[in-house]
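The values are calculated or read from the model by the stated rules, or taken from the named source; none is laboratory data. All of these numbers come straight from a predicted model, not from anything done at the bench. Counting neighbours? That spans all protein chains shown, and the Cβs are built from the backbone with ideal geometry, glycine included.
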Amino acid sequence: MAETGRTDKLFDLRDRIVVVTGALGQLGREFTRSLHESGCRVAALDLHAGDEERRTAFGELADSSRLLLLEADVTRRESLELALARIEKEWGTPTGLVNNAGLDSPPDASGLENGPFETYPDASWDRVMEVNSKGVFLCCQVFGGAMAREGAGSIINICSIYGVVSPNQSLYEYRREGGETFFKPVAYAASKSSLLNLTRYLGTYWGRSGVRVNAVTFGGVFNEQDPRFLENYHGHVPMGRMARADEYNGVIQFLLSDAASYMTGSNLTVDGGWTAW
Ligand SMILES: NC(=O)c1ccc[n+]([C@@H]2O[C@H](COP(=O)([O-])OP(=O)(O)OC[C@H]3O[C@@H](n4cnc5c(N)ncnc54)[C@H](O)[C@@H]3O)[C@@H](O)[C@H]2O)c1
């Protein structure tokens with residue numbers, strides 16, 4: 001019994017105030033729900049946070065006094081400062097931040113967007129970098145800055161296997177065989193790798209101030225992709241499958257909790273083994 005008690009305390013997240021960005025997306029909804037279930041007060045930020053979005057994403061949870069769904073654009077400092085002011089007024093200074101909002105080029109984007117590197121539009125590069133890289137920088141400044149003033153907090157930057165190794169263009173061979181000129185574009189990969197050193201920078205910068213900063217590198221998540229893509233992807237993963245959307249909740253809870261109290265500036269890889277061979 002005593003052991004159980006100790007373990008419970010180690011991972012206890014009750015009453016933590018956690019900000020999740022991109023909270024209405026596939027993974028953001030999972031993180032919001034599971035953190036709420038663990039007793040956190042969750043400030044769920046996304047571009048659109050009207051009643052309809054709340055209901056669709058969170059159902060009955062939308063009425064919980066421990067869920068605050070706020071409209072905020074991670075690329076705009078004023079928008080983040082407004083969100084912080086609202087959270088502080090309702091609950092106090094956040095103690096957790098999950099930098100989850102992200103942009104990727106969808107597989108059905110324009111030919112230019114998913115075309116050869118040589119003609120990849122610089123406007124697309126800017127758009128992706130703005131959200132994936134600068135957005136995380138701004139959230140760290142605004143929310144992380146508040147945590148550092150209070151002397152406590154844990155920040156998690158969501159990265160991708162494509163920020164550690166290059167996208168494997170052979171996964172998309174079936175599209176090229178079908179006559180398309182399809183390449184997984186460069187900006188997503190470059191933006192995600194920028195977060196790895198932002199994580200190290202801030203982990204050391206805030207090393208003595210009680211704010212821990214870590215990255216998580218995730219593999220692809222199943223989301224009804226084209227069966228030909230799935231077959232190729234599965235062949236490249238030692239575990240032979242994509243992740244389920246709920247399989248990243250554990251690592252998020254771990255890094256926010258006291259179980260990770262000596263961990264900062266680090267990167268935890270959860271990818272079914274993708275980067276292991
Ligand atoms: N799904 C995967 O296979 C996978 C794999 C590895 C890493 N990731 C990373 O996990 C995170 C979540 O991915 P997802 O698949 O849930 O994405 P998603 O597209 O389902 O959700 C992203 C969310 O971010 C929001 N968003 C976009 N721009 C924003 C802005 N400027 N301000 C605030 N919110 C904004 C969107 O509205 C959306 O709700 C991303 O950072 C992604 O790169 C995903």
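Structural remarks
- In the range 213-245, the residues that are basic (K, R) and either within 15 Å of the ligand (Cβ to nearest atom) or under 13 Å from the mean Cα position of the chain (by Cα) (or both): R241, R244
- Flag: N132 matches the condition of being crowded, with 18+ Cβ neighbours inside 10 Å and under 15 Å from the mean Cα position of the chain (by Cα).
- Check on G210, surrounded by fewer than 20 Cβ atoms within 10 Å (Cβ to Cβ) and either within 16 Å of the ligand (Cβ to nearest atom) or not β-branched (V, I, T) (or both): yes
- When T56, T32, T75 are checked against the criterion of being of a type in the set (S, T, N, Q) and within 18 Å of L255 (Cβ to Cβ), a single residue qualifies: T32.
- Taking the range 162-186 as the range and being hydrophobic (A, V, I, L, M, F, W, C) and in contact with a Ser or Thr (Cβ under 6 Å, 6 or more places away or on another chain) as the test, the residues that pass are V164, V165.
Let's see how each residue does on (1) surrounded by fewer than 17 Cβ atoms within 10 Å (Cβ to Cβ); (2) touching a residue at least 60 places away in the same chain (Cβ under 8 Å); (3) in contact with a Leu (Cβ under 6 Å, 6 or more places away or on another chain):
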{"site": "F11", "(1), (2), (3)": "yes, yes, no"}
{"site": "R14", "(1), (2), (3)": "yes, no, no"}
{"site": "L35", "(1), (2), (3)": "no, yes, no"}
{"site": "G50", "(1), (2), (3)": "yes, no, no"}
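- Residue in the range 168-176 that is of a type outside the set (K, R) and within 22 Å of the chain's Cα centre (by Cα) present: yes
- When each of K192, K184 is tested for being within 16 Å of the ligand (Cβ to nearest atom), farther than 21 Å from L13 by Cα and modelled with pLDDT under 95, the lone residue that passes is K184.
- Of all residues in the range 172-222, those satisfying the criterion of being of a type in the set (G, A, S) and closer than 18 Å to V131 by Cα are A187, A189, A190, S191, S193, S194, A215.
- Among the residues making up the range 104-116, a single one is within 13 Å of the ligand (Cβ to nearest atom) and hydrophobic (A, V, I, L, M, F, W, C): A109.
- Every pair of residues 6+ apart whose Cβ atoms lie under 7 Å, when the first sits in the range 134-148 and is assigned to a helix (DSSP H, G or I) and at pLDDT 95 or above while the second is within 13 Å of the ligand (Cβ to nearest atom) and of a type in the set (D, E, K, R): L138/R77; V142/R77
- Consider the range 62-82 and keep the residues that are closer than 23 Å to A245 by Cα and more than 16 Å from the ligand (Cβ to nearest atom). The one that is surrounded by the fewest Cβ atoms within 10 Å (Cβ to Cβ) is S64.
- Across the range 83-103, the qualifying residues are those that are outside any strand (DSSP E or B) and within 13 Å of the ligand (Cβ to nearest atom), and the one among them that is nearest to A260 (Cα to Cα) is N100.
- Each residue in the range 259-270 was checked for being more than 12 Å from the ligand (Cβ to nearest atom) and surrounded by 13 or more Cβ atoms within 10 Å (Cβ to Cβ), and 8 pass.
- Pick from the range 11-32, criterion charged (D, E, K, R) and at pLDDT 95 or above, ranking: farthest from E71 (Cα to Cα): D12
- Taking the criterion of being within 9 Å of the ligand (Cβ to nearest atom) and either closer than 18 Å to S133 by Cα or more than 13 Å from the chain's Cα centre (by Cα) (or both), the residues of the range 12-24 that qualify are T21, G22, A23.
- Of the residues making up the range 110-129, those that are farther than 24 Å from N100 by Cβ, in a loop (DSSP other than H, G, I, E, B) and in contact (Cβ under 8 Å) with a residue 24 or more places away in the chain number 4.
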